[in-house]
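Data first, discussion second: the structure below is written as structure tokens.
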Amino acid sequence: MSERPLLLLDFDGPLNPYRARKPPTGYERHEIVEGAKTWSVLLNQQHGVELNALADVFQLVWATSWEHGANRLLAPLLGLPDDLPVIIWPEGARESAAGPMRPQSWKTPYVAEWVRGRPFVWIDDEVNRRDRAYLSTVDGIGPHLLHRVDASRGLLQGDFDAVRNWRYGSRR
């Protein structure tokens, strides 16, 4: 296979443990200001190191509601390239996920369409068995790993190990 598998990255939850009562070990609070908006996020600089190392094997892709803001505002804080591909969510996407095989995450149908059969790992705090079941019904979906991260802890070393150890000959 000539193309690297994709590594789809959600921000809030995996990289910013927004449900943490206090900053987990290794995280620092950052204030992001753009125009009249200010966001307070928790970031761990080691995540940038780990993700840059994974970029040798995977094509990193933002799969976050921050969309292009992830490249502009977040990537520099993590030491990531500021030109990563971005999944753009259609207007009303959060409200439109419905149907008998409704996934847990509103992003799932759009991720399935965006990856177009390529192998992928998706790191998110919202994915679960319903998303796996949904993807199992999608024609032409490539081998994949949906990896859920606890939004109160963020990414841990074991999460990076799971991504590194995934072999894209399997579907999970």
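What follows draws every value from the coordinates through simple rules; no lab data is involved. Because the structure is a prediction, the values reported are computed rather than measured. Virtual Cβ from ideal backbone geometry, glycine too; neighbours counted across all protein chains shown.
Return the calculated 222 nm mean residue ellipticity for the chain, to the nearest 500 deg cm²/dmol, obtained by summing -39500 (n - 2.57) across DSSP H runs with n ≥ 4 and dividing by the residue count.
-6500 deg cm²/dmol
Under 10 Å, Cα contacts only: if you run a Gaussian network model on the chain, which one of Gly154, Gly69, Gly26 comes out with the highest mean-square fluctuation?
Fluctuation is largest for Gly26.
Cα gyration tensor of the range 122-172, axes a ≥ b ≥ c as square roots of the eigenvalues: rounded (a/c below 1.5), prolate (a/b > b/c) or oblate? Don't skip to the answer; put the middle values down first.
Working: a/c = 3.64, a/b = 1.43, b/c = 2.54.
In terms of gyration-tensor shape, oblate.
Using amide H atoms built in the peptide plane, which far-off residues or other-chain residues are under 5 Å from Trp122 H to H?
Those qualifying (amide H under 5 Å, at least 5 residues apart or on another chain) are Leu8, Leu145, Leu146, His147.
Sort out for me the Cα centre separation of the range 104-172 from the range 55-92, rounded to whole Å.
A separation of 16 Å, based on Cα centres.
Residue by residue through the range 23-28, which ³J(HN,Hα) values in whole Hz follow from phi under the Karplus form 6.51 cos²θ - 1.76 cosθ + 1.60 (θ = phi - 60°), with glycine and proline marked x?
For the range 23-28, the Karplus curve yields x, x, 3, x, 9, 10 Hz.
Please name whichever of Leu156, Val115, Asn128 sits farthest to the positive end of the charge dipole of the chain, dipole taken about the Cα centre and charges placed at Cβ: Lys and Arg +1, Asp and Glu -1.
It is Asn128.
Figure the gain on full extension for Ile88 and Gln59 (residue separation times 0.36 nm, minus the Cα-Cα span) and round it to one decimal in nm.
Stretched out fully, the Ile88 to Gln59 stretch lengthens by 8.8 nm.
So what is the relative contact order for the chain, in percent, with contacts set as C-alpha pairs under 8 Å and at least six apart?
29
Give the value in nm², to one decimal: projected area of the alpha carbon convex hull of the range 1-156, averaged over all directions.
9.7
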